[in-house]
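Trainee: Before I ask anything, let me first share the structure, which is written out below as C-alpha cells.
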Amino acid sequence: SHIFKDYSNAGVVTKVLHDVSFTVKSGEFVSIMGPSGSGKSTLMHIIGFLDRPTSGDYFFQDKNVSQFSNDSLAELRNARIGFVFQAFHLLPNTTVFENVLLPLFYSRRNESERKTLVDGAISAVSLTHRRDHLSHQLSGGEKQRVAIARALVNEPDFILADEPTGNLDSKSGAS
C-alpha cells in the first residue's frame, strides 16, 4: 500500500517506485509489465523480501513486513517464495542437482525427502538427463529451467519470476 522506493548514490536520489498499491489474492496469477527501467525488478525484490521500500506498507498474510527482522524475512523468503531470476544465479561448478538442492539446505526436511523433491523439480522441467551436469555445461535455456526447478523445489506459496521464459524456446516457454 502506497509503496515508494528511492535509491541514493553519491548524493543523487533516483526515485524508482512512486505510490504503488495493489493486492494479490491466493491463487491469482499476476504479471507486472513495463519498459526497461520502470521498476519491475525493484518491485519484485520488495515483494520477495530482498529489499525494503523507502516508505509505504507491505502486508504479507495480513502482517506488516516492516515489523519483521531481517532473519525472519530470510526464513519467510526461503520457505514461502520461489525466485526465478533473469540472470539465473546458478553456481557454475555445481551440478544441476546441487543447484536445485540449494533452497532446501535451510529447510527442516530430511535427506531422503530433499532428494525426492529435487528429482521431482528436475523432472518437472525435463532435465533429468542433465541432473549430474555442471551448470556451466548447460545452454541458456537449460540454465533457465534449472532456475525454474530451484524455484519450485521448496513447494513455495508463490513464485516471483523476472522474465522467466526469456531464454527458453517457444515449446519450453509454453509449458
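The values are calculated or read from the model by the stated rules, or taken from the named source; none is laboratory data. It should be emphasised that the depicted structure is a prediction, and the values quoted were computed from it without experimental measurement. Cβ coordinates were reconstructed from backbone atoms using ideal geometry, including for glycine residues, and neighbour counts include every protein chain displayed. Keep in mind that these areas ignore ligands, DNA and RNA; they rest on the heavy atoms of the full protein, side chains included. Shrake-Rupley method; radii C 1.70, N 1.55, O 1.52, S 1.80 Å.
Trainee: Determine which member of the set S31, S8 is hydroxyl-bearing (S, T, Y), out of contact with any strand residue (DSSP E or B) (no Cβ under 8 Å at 6 or more places or on another chain) and either under 20 Å from P103 (Cα atoms) or open to solvent by 70 Å² or more (accessible area, probe 1.4 Å) (or both).
Mentor: S31 is the lone residue from the list that is hydroxyl-bearing (S, T, Y), out of contact with any strand residue (DSSP E or B) (no Cβ under 8 Å at 6 or more places or on another chain) and either under 20 Å from P103 (Cα atoms) or open to solvent by 70 Å² or more (accessible area, probe 1.4 Å) (or both).
Trainee: Looking only at the stretch 11-28, count how many residues are within 21 Å of F85 (Cα to Cα), open to solvent by less than 60 Å² (accessible area, probe 1.4 Å) and either touching a residue at least 60 places away in the same chain (Cβ under 8 Å) or β-branched (V, I, T) (or both).
Mentor: Summing the residues that are within 21 Å of F85 (Cα to Cα), open to solvent by less than 60 Å² (accessible area, probe 1.4 Å) and either touching a residue at least 60 places away in the same chain (Cβ under 8 Å) or β-branched (V, I, T) (or both) in the stretch 11-28 gives 1.
Trainee: Within the set of pairs 6+ apart or on separate chains, which have a first residue in the stretch 113-126 that is at pLDDT below 95, a second that is aromatic (F, W, Y) and surrounded by 17 or more Cβ atoms within 10 Å (Cβ to Cβ), and C-beta atoms under 7 Å apart?
Mentor: none
Trainee: Of the residues F97, F49, which is surrounded by 11 or more Cβ atoms within 10 Å (Cβ to Cβ), in contact with a strand residue (DSSP E or B) (Cβ under 8 Å, 6 or more places away or on another chain) and either among the hydrophobic types (A, V, I, L, M, F, W, C) or over 21 Å from K143 (Cα atoms) (or both)?
Mentor: So the residue among F97, F49 that is surrounded by 11 or more Cβ atoms within 10 Å (Cβ to Cβ), in contact with a strand residue (DSSP E or B) (Cβ under 8 Å, 6 or more places away or on another chain) and either among the hydrophobic types (A, V, I, L, M, F, W, C) or over 21 Å from K143 (Cα atoms) (or both) is F49.
Trainee: Quick one: which of N110, N78, N99, N93 is under 27 Å from A149 (Cβ atoms) and touching a Pro at 6+ places or on another chain (Cβ under 7 Å)?
Mentor: It is N78.
Trainee: Further, regarding this structure: Do you know which of the residues in the stretch 62-72 that are within 18 Å of the chain's Cα centre (by Cα) and of a type outside the set (A, V, I, L, M, F, W, C) is farthest from S21 (Cα to Cα)?
Mentor: D71
Trainee: Could I ask something else about it? Condition first: small (G, A, S) and surrounded by 16 or more Cβ atoms within 10 Å (Cβ to Cβ). Now tell me which residues in the stretch 112-130 satisfy that.
Mentor: The answer is A121, and nothing else.
Trainee: Kindly evaluate H133 against the criterion of being surrounded by fewer than 23 Cβ atoms within 10 Å (Cβ to Cβ), of a type outside the set (V, I, T) and out of contact with any strand residue (DSSP E or B) (no Cβ under 7 Å at 6 or more places or on another chain).
Mentor: When the stated conditions are applied, H133 does not pass them.
Trainee: For the stretch 156-168, state whether one or more residues are surrounded by fewer than 16 Cβ atoms within 10 Å (Cβ to Cβ), in a helix (DSSP H, G or I) and either at pLDDT below 90 or within 12 Å of the chain's Cα centre (by Cα) (or both).
Mentor: The answer is no; no qualifying residue exists.
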